[in-house]
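The values are calculated or read from the model by the stated rules, or taken from the named source; none is laboratory data. All of these numbers come straight from a predicted model, not from anything done at the bench. As a convention, Cβ positions derive from the backbone with ideal geometry for all residues, glycine included, and neighbour counts pool all protein chains shown. Ligands, DNA and RNA are stripped out before the accessible areas are found, and what is left, the full protein with its side chains, is counted by its heavy atoms. Shrake-Rupley method; radii C 1.70, N 1.55, O 1.52, S 1.80 Å.
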Amino acid sequence: MKRNGKFISICIGVLLVGSVFFGFNKEDDRNFQIIKSLDVFNSVFKELDMFYVDSIDPKEVVEYGIRAMLAKTDPYTEYYPEEDNTLKEMTSGKFGGIGSVIRYYTPRKRVAIIEPSEGNPAAEAGLKAGDIIMEINGKDMAQGDRIPNDLTSYVSDNLRGDPGTLCIIKVERPTSDSTYVPMEFKVTRGTIRTNPVPYFGMLNDSIGYIYISTFSVEGCSKEVKRALVELKQQGATSLVIDLRGNGGGLLSEAVNVVNFFVPKGKEIVKTKGKFKQMDHAYRTMNEPIDLEIPLAVLVDGGTASAAEILSGSLQDLDRAVIIGNRTYGKGLVQTLRDLPYNSSMKITTAKYYIPSGRCVQAIDYSRRNSDGSIARTPDSLTNVFHTAAGREVRDGGGIRPDIEVKMDKTPNILFYLVNDDQIFDYATQYVLQHPTIAEVKDFQLTDADYADFKALLKKRNFSYDRQSEAMLKKLKEMAEFEGYMENASEEFAALEKKLQHNLDLELDRFAKDIKPLIAEEIVKRYYFEKGAVQETLKDDADLKKALEMLQQPEEYKKVLTVASK
């Protein structure tokens, strides 16, 4: 009995020790790996700092390591050191500066003013699109050894500053004879606020239109509400909400906009994370403005995040017809976290789910291909959900519109005209010759204007890489390699002749694609962003489909209901 008792005691002891290893091994191993990895990282840095042949910048090296670590997560998890005000600006929609879009201008290897914002210090001081920035407060803004992106950031940093401070900017302004005249401007910096609703107005006697460019500005929903109330006062009985290119922002602002059109107490979106405290449900908190007004929402591949919550929840609740192209597919939620020494980070902590229960996230960043790349979730792996009325919708790939509008292919020449600043430069010259233009609704780019544009391109000997020519060259090389060239040389020669560069022919062939971009760039110079939006609506396939839908009540209702079997 004693031997059996001793044996049993030993077995129990073994089982207890085993239970410690098997019961806690996984979590203990993870904690050990964390401690081990941090210890190794600390040791590597110390050795590098002490023994590397050249001196290293500790801050720069560690920040590089942090960013490399975050690159293994997703593009939205980011670190912000103490001196970086980007996060503050993103969450408030405000910053101190002159209020102008700037961009690297290749012909001068300098940064140029691209678009002064209406009502902001740059425009009020007289700075214009096309001005080349030479000096800021006595500091030369030359490229030096900076790459274009770094130079643009450098100029931007010097333009920004506390509201009320003086900024002396020396520029060179282009003239009609292609020379530049030096000019100096004294600009008092101000608090620059992004305008979330650059334009709203009536499209006809009964249909209103609101363009929402972002949800990143606090109080964005108040701007939308003001626009909505004004449009209803002007007689709007149906509404187009344009979310194309809207990259999102504050989730609460999107929920507030949904609330204008759905009853109080409706769950619009809920977030789910690793921890319970990350789970949250967002409901409409106020009485709506209009529960009945027909809605058409325009979306595209640039519609993301909070803009997808707005369009997706209105779709799930059968409250609007969604028109355009599939949205981006960002169903991730970021939380701001404070770090030591006034640094901070934005970290993905949850996914959001709209009323049908679906998440629109299109990319699983936890799964990567062998080469490290990531891909969108294929349609075959998405799941079916249902709207309030029972219509089928899918997860895992953004918001699919109820009515898809086929996009025209962008001609290759258009990319080069924009990228080489040809359209930008023509608009600059146009403004010099035309002190004023007609109102946006009456403005037209004439055939004579387009002829002037073509003449400018010829004068500059404009050319571009044509894909057909590049493909033919590759095909010839392959034919020669495989021994087919001898029998096909005449055919290749004939094809080469047909594909010869003819700028006149190509500019005429793609005039319908090029002219709208020229007109938009010109209008922007006189009427700012508001005018540019109006100009783009003149020949807009998505908008045409929206107007068509809102003018056919029965068809509108049909889209939002399930066909009876």
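Give me the dipole magnitude in Debye, nearest 20, for the chain about the Cα centre, with unit charges on the beta carbon: positive for Lys and Arg, negative for Asp and Glu.
For the chain, the charge dipole is close to 2260 debye.
Near residue 545, which aspartates and glutamates are there with a Cα under 19 Å away, not counting those fewer than 8 places off in the same chain?
Of all the aspartates and glutamates, those that pass the test against residue 545 - Cα under 19 Å, at least 8 places apart if same chain - are 205, 242, 300, 318, 402, 404, 408, 535, 554, 555.
By a straight-distance test (C-alpha under 13 Å), which aspartates and glutamates pair with residue 222 as possible cross-link partners, with residues fewer than eight away in the same chain excluded?
230, 253
How many angstrom lie between the C-alpha centres of segment 175-206 and segment 399-438?
18 Å
Projected onto the charge dipole of the chain (+1 at Lys/Arg Cβ, -1 at Asp/Glu Cβ, origin at the Cα centre), which of 120, 325, 502 gives the Cα projection farthest towards the positive end?
325
Nearest 500 deg cm²/dmol is fine: what mean residue ellipticity at 222 nm does the chain get from its DSSP H runs of n ≥ 4 alone, each adding -39,500 (n - 2.57), divided by its residue count?
-13500 deg cm²/dmol
For 356, 153, give the ranking by accessible area with the largest first, probe 1.4 Å.
From most accessible down to least: 153, 356.
Given a Förster radius of 41 Å and the C-beta distance between residue 285 and residue 557 as r, what FRET efficiency does 1/(1 + (r/R0)^6) yield to the nearest 0.05?
0.90
Normalised by the number of residues in the chain, what is the relative contact order in percent for Cα pairs under 8 Å and 6+ residues apart?
Relative contact order here is 11 percent.
Can you give the FRET efficiency for residue 76 and residue 175, using 1/(1 + (r/R0)^6), R0 = 30 Å, r = Cβ-Cβ distance, to the nearest 0.05? Intermediate values should be presented prior to the final figure.
Numbers: r = 45 Å, r/R0 = 1.50.
E between residue 76 and residue 175, to the nearest 0.05, is 0.10.
Do any of 109/454; 406/538; 406/476 go past 28 Å between their Cα atoms, and which?
406/476
Volume per residue, Å³, of the convex hull around the alpha-carbon atoms of the chain? If you can, show how the numbers build up before the last one.
Numbers: hull volume 175.1 nm³, N = 565.
Spelled out: Cα convex hull of the chain, divided by residues, is 310 Å³.
Quote the FRET efficiency, to the nearest 0.05, computed for residue 341 versus residue 186 with a Förster distance R0 of 41 Å and r equal to the Cβ-Cβ distance.
According to the calculation, E is roughly 0.70.
As I understand it, the dipole of segment 424-465 uses +1 on the Cβ of Lys and Arg and -1 on the Cβ of Asp and Glu, about the Cα centre. Which of 446, 431, 457 lies farthest toward its positive end?
The Cα lying farthest towards the positive end belongs to 457.
Leaving ligands and nucleic acids out of the surface, order 66, 413 by accessible area at 1.4 Å, largest first. All intermediate terms of the calculation are to be shown ahead of the outcome.
Numbers: 66 40, 413 0 Å².
Sorted by accessible area, descending: 66, 413.
If you restrict to DSSP beta bridges whose two residues both lie in the chain, what percentage is antiparallel, to the nearest 5? Kindly include the intermediate steps, with their values, before the conclusion.
Details: 52 of 68 bridges.
Approximately 75 percent, going by the DSSP bridge assignments.
How much accessible area per residue does the chain have, in Å², with a 1.4 Å probe? Don't jump to the answer; show the numbers that get you there.
Values: 32690 Å² over 565 residues.
Averaged over the residues of the chain, the accessible area is 58 Å².
Working from Cα positions, state the angle (0 to 90°, nearest 10) between the long axis of helix 447-459 and the longest principal axis of the chain.
80 degrees
Give the separation of the Cα centroids, segment 278-296 to segment 89-157, in Å.
40 Å
Using the Cα gyration tensor of segment 403-554, with a ≥ b ≥ c the square roots of its eigenvalues, what is the shape: rounded (a/c below 1.5), prolate (a/b larger than b/c) or oblate (neither)?
oblate
Can you give the accessible area of residue 147, probe radius 1.4 Å, in Å² rounded to 10?
100 Å²
Length gain on complete extension for the stretch residue 392 to residue 46, per 0.36 nm per residue less the alpha carbon to alpha carbon distance?
Working: separation 346, 0.36 × 346 = 124.56 nm, distance 5.78 nm.
Answer, rounded to one decimal: 118.8 nm.
Give the accessible area for residue 530 in Å² (nearest 10); use a 1.4 Å probe, count only protein heavy atoms, and leave out ligands, DNA and RNA.
Its accessible surface works out to 100 Å², give or take rounding.
Quick check: residue separation of residue 66 and residue 35 times 0.36 nm, minus the Cα distance between them. What number comes out in nm?
Between residue 66 and residue 35, full extension yields an extra 9.5 nm.
Longer than 22 Å from Cα to Cα, which of 72/276; 46/346; 441/515; 264/530; 272/557; 274/330 are they? Say none if no pair is.
Among 72/276; 46/346; 441/515; 264/530; 272/557; 274/330, the Cα-Cα distance tops 22 Å for 72/276; 46/346; 264/530; 272/557.
Does segment 516-565 classify as rounded, prolate or oblate by the C-alpha gyration tensor (a ≥ b ≥ c root eigenvalues; a/c under 1.5 gives rounded; else a/b over b/c gives prolate, otherwise oblate)?
Prolate.
So how compact is segment 244-288: Cα radius of gyration and Dmax in angstrom?
Considering segment 244-288 through its Cα atoms, Rg and Dmax are 12.0, 34 Å.
Ordering 86, 410 from largest to smallest accessible area (1.4 angstrom probe), what's the sequence?
410, 86
Obtain the nm distance between the two label points defined at residue 487 and residue 275 by a simple spin-label model: each point lies 7 Å from its Cα along the Cα-to-C-beta direction.
7.2 nm
Need one value: the accessible area of residue 108 in square angstrom, 1.4 angstrom probe, rounded to the nearest 10.
That residue has around 70 Å² of solvent-accessible surface.
Could you pull out every residue, at least 5 positions away or on a different chain, whose amide H is within less than 5 Å of the one on residue 385? Hs are placed 1.01 Å off N in the peptide plane, and Pro or chain starts have none.
Hits under the 5 Å cutoff: 393, 394, 395.
State to the nearest 20 debye the size of the charge dipole of segment 403-550 about its Cα centre, where the only charges are +1 on K and R beta carbons and -1 on D and E beta carbons.
With Lys and Arg at +1 and Asp and Glu at -1, about 280 debye.
Determine the gain in length on full extension of the stretch residue 139-residue 369; use 0.36 nm per residue of separation and subtract their C-alpha separation, reporting nm with one decimal.
Between residue 139 and residue 369, full extension yields an extra 78.1 nm.
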